[in-house]
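Below: one structure, written as structure tokens.
The values are calculated or read from the model by the stated rules, or taken from the named source; none is laboratory data. Predicted model, so just to flag it, every value in this text is computed and none were measured. Because the Cβ atoms are built from the backbone with ideal geometry, glycine has one as well, and the counts that use them run over all protein chains shown.
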Ligand code: NAI
């Protein structure tokens, strides 16, 4: 079987100074990519800045014979995002791959959360995905080729106590993907989202110590990198993973129920009396776009 390689590919990995992002950067380089190692070098909560986080990973790559350049901008501003992409284009001439991975936490129960804690998390994860992806897509369109990975979390997909800000931001990137995949469908630019799980500084106080080896961040890397490969033709998918388990997850609709005839008003009581049928997830299926809803309303609209 032919090995997947990233020869002549230029890859940006945000937040690649440690944790899961570092794994992506190292493996992309081992398989031939030229890598932009972005990292602001902040604490888990997003404070401070330290250039050495990205620099260390670049040194690791270069020492192993690979090609990489560091970038220390924050993903959370447009100027930062543009500069990250400019670093790739000025150094290596193009952008083929973008993994939006940078992230912070400001966990707090909803009623105690401050506006600052809300904004900081939304800015890094959600606005950051916009700020880096928009200039990257401009560069990708020049070559009509690209592979983009967004990083969500099961906290956003399913919920987690104390993470309303983080969950909203992580679910938000799924919203970006859902529409952007349609806007780019005429190019060979594929966009997917992963929900990783790993032992990192983000989770040391969440997982029991015996998970340290089993939740190795490496286990997230092959899935993310497969999605970044030319071989991958999937777009608009979400994959959850951890410890060597990989599975697709999706927003789906059940069969639901048509009430009335699209002419007479529907009463609250009709909803009450049919709530179970409306709530059924039988025959659940995903949709390519919002237009999928018309499939259900069809009998009422024809
Ligand atoms: P980590 O804390 O080890 O690494 C995140 C990196 O992002 C850090 O090096 C940090 O300096 C950098 N960063 C933070 N804000 C930045 C900014 N504004 N601009 C540039 N760089 C910035 O975290 P880990 O565990 O490797 O997480 C990677 C991604 O995976 C994050 O998006 C995280 O939310 C997500 N994730 C991780 C899970 C886990 O189990 N570790 C679970 C679900 C999602």
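Taken over segment 151-168, the criterion of being under 16 Å from the mean Cα position of the chain (by Cα) and assigned to a strand (DSSP E or B) is satisfied by 151 alone.
Considering segment 1-17, the residues that are within 16 Å of the ligand (Cβ to nearest atom) and outside any strand (DSSP E or B) include one that is farthest from the chain's Cα centre (by Cα), namely 17.
Among the residues examined, residue 220 qualifies as in contact with a strand residue (DSSP E or B) (Cβ under 8 Å, 6 or more places away or on another chain) and within 16 Å of the ligand (Cβ to nearest atom). For residue 200, are the conditions met, namely being over 19 Å from residue 228 (Cα atoms) and either touching a helix residue (DSSP H, G or I) at 6+ places or on another chain (Cβ under 8 Å) or in contact (Cβ under 8 Å) with a residue 40 or more places away in the chain (or both)? For residue 200, the condition - over 19 Å from residue 228 (Cα atoms) and either touching a helix residue (DSSP H, G or I) at 6+ places or on another chain (Cβ under 8 Å) or in contact (Cβ under 8 Å) with a residue 40 or more places away in the chain (or both) - is met. Once segment 64-82 is narrowed to residues that are part of a helix (DSSP H, G or I) and within 13 Å of the ligand (Cβ to nearest atom), the residue that is nearest to residue 34 (Cα to Cα) is 81.
Can you spot a residue in segment 176-199 that is part of a helix (DSSP H, G or I), within 16 Å of the ligand (Cβ to nearest atom), modelled with pLDDT under 95 and in the same structural domain as residue 151 (by TED's automatic domain parsing)?
Checked segment 176-199: no residue is part of a helix (DSSP H, G or I), within 16 Å of the ligand (Cβ to nearest atom), modelled with pLDDT under 95 and in the same structural domain as residue 151 (by TED's automatic domain parsing).
The set of residues in segment 39-63 being assigned to a loop (DSSP other than H, G, I, E, B), near the ligand (Cβ under 10 Å from one of its atoms) and in contact with a strand residue (DSSP E or B) (Cβ under 9 Å, 6 or more places away or on another chain) consists of 39 alone.
Of all residue pairs spaced 6 or more apart or on separate chains, those with beta-carbon atoms under 8 Å, a first member in segment 170-185 that is without any contact (Cβ under 8 Å) to a residue 24 or more places away in the chain and a second member that is assigned to a helix (DSSP H, G or I) are 171/156; 171/157. Of the candidates 127, 112, 141, 108, the single residue that is farther than 20 Å from residue 164 by Cβ, surrounded by fewer than 23 Cβ atoms within 10 Å (Cβ to Cβ) and either within 9 Å of the ligand (Cβ to nearest atom) or in the same structural domain as residue 192 (by TED's automatic domain parsing) (or both) is 141.
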